[in-house]
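So the structure is just underneath, and the comments pick up after that.
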């Protein structure tokens, strides 16, 4: 295991900054997920760490070694690629042993490591087969086995589950998480799938346009996004963002939005200007009759999802998504009333999209 540090890393392709002044520290044994849309720079950052791309500026440290200019073979890293990259002409046993032979390990060590990791990944009965004779999920296990057999300081994974179907991807997520917890290897995992990021990582580094915009635990990234981009990208459905205004009245503070309003007590520094109110779908309650502190909305569509229903409704000029129990099934066009939980509201600047206040008070 080894700590990994990126210090002011910049990598450009022509005039495009694929990675732009990135700082990030990954602790020993930590599992960090680089999450972001296609083209955000997450794979480029991973390839810079692997030595497959040269950085334009900045430093990369693996443990106490400056690895910025080291060739890949001297970085003590292993990598699992999106495309598996198993050798079709080699049996599974020889695929797993490939890196060990490159390290010039003895035959006894090679045999012991191959048998150990194949048992760990449940592919012992596949060792004498060729890749064409096994499934996609099994090939992915072979690629992981090959990467962990060499016992590198750092394990890199570049969207390793994206080529699998949904059910197998869910199964492999659980298997990989359990495996990496057992191994304790420092791991950096690249994905655009926010479900993978939330369910697997110790921390998530959310990237956008070459920069890291938030680094924190999955729960914090989900509940307290640093800006609108993070709330939009993380979570299914994305966080709702509605135009609202905090006004002062004789009794305190009132949030005005659409056709209605409700009292609030944590936004005293945000009065008398248009803001964005951020709220998760599960943090909004639905009432079928009007009442105090409710916002009127009109149902657009209801999506039954088995364990719950997802309602899309129009409140004023904004669309809002609400997660409700599967017993509630209003008709399109029907009027409902929404109750927002003040403790789960996030306030954002309408122009910049940055979070400026949470229930604990104004942050900026």
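Read-outs: derived from the displayed coordinates by stated rules, not from any lab. Fair warning: this is a prediction, and the values are worked out from it, not measured in the lab. When we count neighbours, we look across all protein chains shown, and the Cβ atoms used for this are built from the backbone with ideal geometry, even at glycine.
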message: To test your reading of the geometry: what angle, between 0 and 90 degrees and rounded to tens, separates the Cα axis of helix 92-102 from the longest principal axis of the chain?
response: 70
field: Gyration tensor over alpha-carbon atoms, segment 135-224, equivalent ellipsoid semi-axes in Å
entry: 23, 16, 12
Distance from segment 193-215 to segment 16-84 (C-alpha centre basis), Å: 15
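Applying 1/(1 + (r/R0)^6) with R0 = 41 Å to the Cβ-Cβ distance of residue 12 and residue 163, what FRET efficiency is obtained, to the nearest 0.05?
Efficiency for this residue pair is about 0.90.
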query: Okay, which of segment 146-174 sit inside 18 Å, backbone N to the point 7 Å along the Cα-Cβ direction of residue 181?
result: 170-174
query: Along the Cα-to-C-beta direction of residue 102, a point sits 7 Å from the Cα; which residues of segment 146-182 have their amide N less than 11 Å from that point?
result: 147, 150
message: What's the ranking of 26-33, 287-294, 187-194 by average number of surrounding C-beta atoms within 10 Å, highest first?
response: 187-194, 26-33, 287-294
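For the chain, what's the relative contact order in percent, using C-alpha pairs closer than 8 Å and at least 6 residues apart?
15 percent.
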message: Report the gain in length on full extension from residue 54 to residue 170: 0.36 nm times residue separation, minus Cα-Cα distance, nm rounded to one decimal.
response: 38.3 nm
- request: Measure nothing but the geometry: give the 0 to 90° angle between the long axis through the Cα atoms of 136-149 and the longest principal axis through the Cα atoms of the chain, rounded to 10°.
  value: 70
- prompt: Binning every alpha carbon pair distance of segment 203-297 at 5 Å from zero, what are the percents per bin?
  reply: 2, 12, 19, 18, 18, 14, 9, 5, 2, 0
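For n ≥ 4 DSSP H runs only, could you compute -39500 (n - 2.57) per run for the chain, divide by its residues and tell me the 222 nm figure to the nearest 500?
Values: 8 runs with 85 residues, N = 364.
Calculated mean residue ellipticity at 222 nm is -7000 deg cm²/dmol.
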task: Compute the FRET efficiency between residue 256 and residue 335 as 1/(1 + (r/R0)^6), taking r as their Cβ-Cβ distance and R0 = 22 Å, and round to the nearest 0.05.
output: 0.70
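Rg(Cα) of segment 1-158 divided by 2.2 N^0.38 Å? Please report the intermediate quantities before stating the final value.
On the way: Rg = 16.9 Å, N = 158, 2.2 N^0.38 = 15.1 Å.
So segment 1-158 has a normalised radius of gyration of 1.12.
For residue 343 and residue 211, what does the FRET efficiency come to when R0 = 41 Å and r is the distance between their Cβ atoms, rounded to the nearest 0.05?
Numbers: r = 30 Å, r/R0 = 0.74.
Between residue 343 and residue 211 the formula returns 0.85.
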message: As an exercise, take the mean of 1/r over every pair of distinct alpha carbons in segment 107-180, invert it, and state the Kirkwood radius in angstroms.
response: 13.0
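When the Kirkwood hydrodynamic radius is evaluated over all pairs of different C-alpha atoms of segment 210-364, what value in angstrom, to one decimal, is obtained? Walk me through the numbers before you get to the answer.
Working: mean 1/r = 0.0625 Å⁻¹.
For segment 210-364, inverting the mean 1/r across all distinct Cα pairs yields 16.0 Å.
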- prompt: Ratio of the chain's C-alpha Rg to 2.2 N^0.38 Å, to two decimals?
  reply: 1.19
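So what's segment 174-213 giving for Rg/Rh, alpha carbon basis, Kirkwood Rh from the mean inverse pair distance? The partial results should precede the final answer.
Working: Rg = 11.3 Å, Rh = 11.3 Å.
Checking Rg against Rh, the ratio lands at 1.00.
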field: Residue with peak Gaussian network fluctuation, the chain [Cα springs, cutoff 10 Å], from 260, 333, 36
entry: 333
